[in-house]
Amino acid sequence: MAAPTFIAVNQTASDVVLVQLACTVPASGQITLSDSCKTSEIQNDAQLLALVVAGTLLLNDGTTTLTQAQSIQYLVQVASLGPLKDQATASVAGWMGSGDKSKLDTVPVGAATSAIAESSSSTTTTSGTDTQMSGMQINSSATATYLITFSGDLSHSANNSTINCSIYVGGTLVAASERSWARATAAMSTDFVCMARVSVGAGQAVEGRWRTNTPTATNNRRQLIVQRTG
């Protein structure tokens, strides 16, 4: 059986660099990922999945460009994603609205399957224990399984300093979601993506949290995306 075709289609006017796949999707263009990457590498790339969930990239299967929900299903290949509908794209767009915002949202029930909290306002932390990154909380109104993506940029004011980011559900750390970054000996920044697929109870808070071992950690752009999958 021939390997599936994965073509990344850029929905934005800026180049998108896929770090682990070692390729760049040109602005408003596309690239055939399966020409240079194995299927397992593509399906296991957390950054690619996060960009599809965010609507930055869509996938083409070699015949047609898929909707956002179809792209997620095609990439993840998990049977339980079957309940996702094509209206997920419209739902995400509806929650995102326009302009910069940092807010508390509630995951809707029924047709609306996605929610997003986002901000491009700078925030900092000096906390040595996990604390909520500004605005990064979404409350569930229904018990269900959700795909959660927490992403953004990081920088630090001091050399040899570490920043940890992670996802919390109902006040409890999702251990596998935690990502750590250490600044070496030069001024630098990085991007992070934390992901989890977990059951969330009605009324529970989904949070993106962070901590640092020394002052001061900075974030300038961040998103928390919660997508119902079952």
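Read-outs throughout are calculated quantities, based only on the coordinates presented, and are distinct from any laboratory measurement. Please read all numbers here as calculations on a predicted model, not as lab measurements. So basically every Cβ, Gly included, is an ideal-geometry build from the backbone, and we count neighbours across all protein chains shown.
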Return the Rg/Rh ratio of the range 167-224 with Cα-based radii and a Kirkwood Rh.
1.02
Between the modelled labels at Glu178 and Thr32 (7 Å from Cα along Cα→Cβ) the distance in nm is 4.3
When you take every Cα atom in the range 7-77, what is the radius of gyration, and what is Dmax, the widest Cα pair distance, in Å?
10.6, 28
Residues in the range 190-226 near a label at Thr162, defined as backbone nitrogen under 20 Å from the 7 Å Cα→Cβ point?
190-195, 209-219
Calculate the spin-label point distance for Ala202 paired with Thr190, positioning each point 7 Å from the Cα along the beta-carbon direction, and give it in nanometres.
4.1
Fully extended, how many nm does the chain gain between Gln132 and Ala2 (0.36 nm per residue separation, minus their Cα-Cα distance)?
42.3 nm
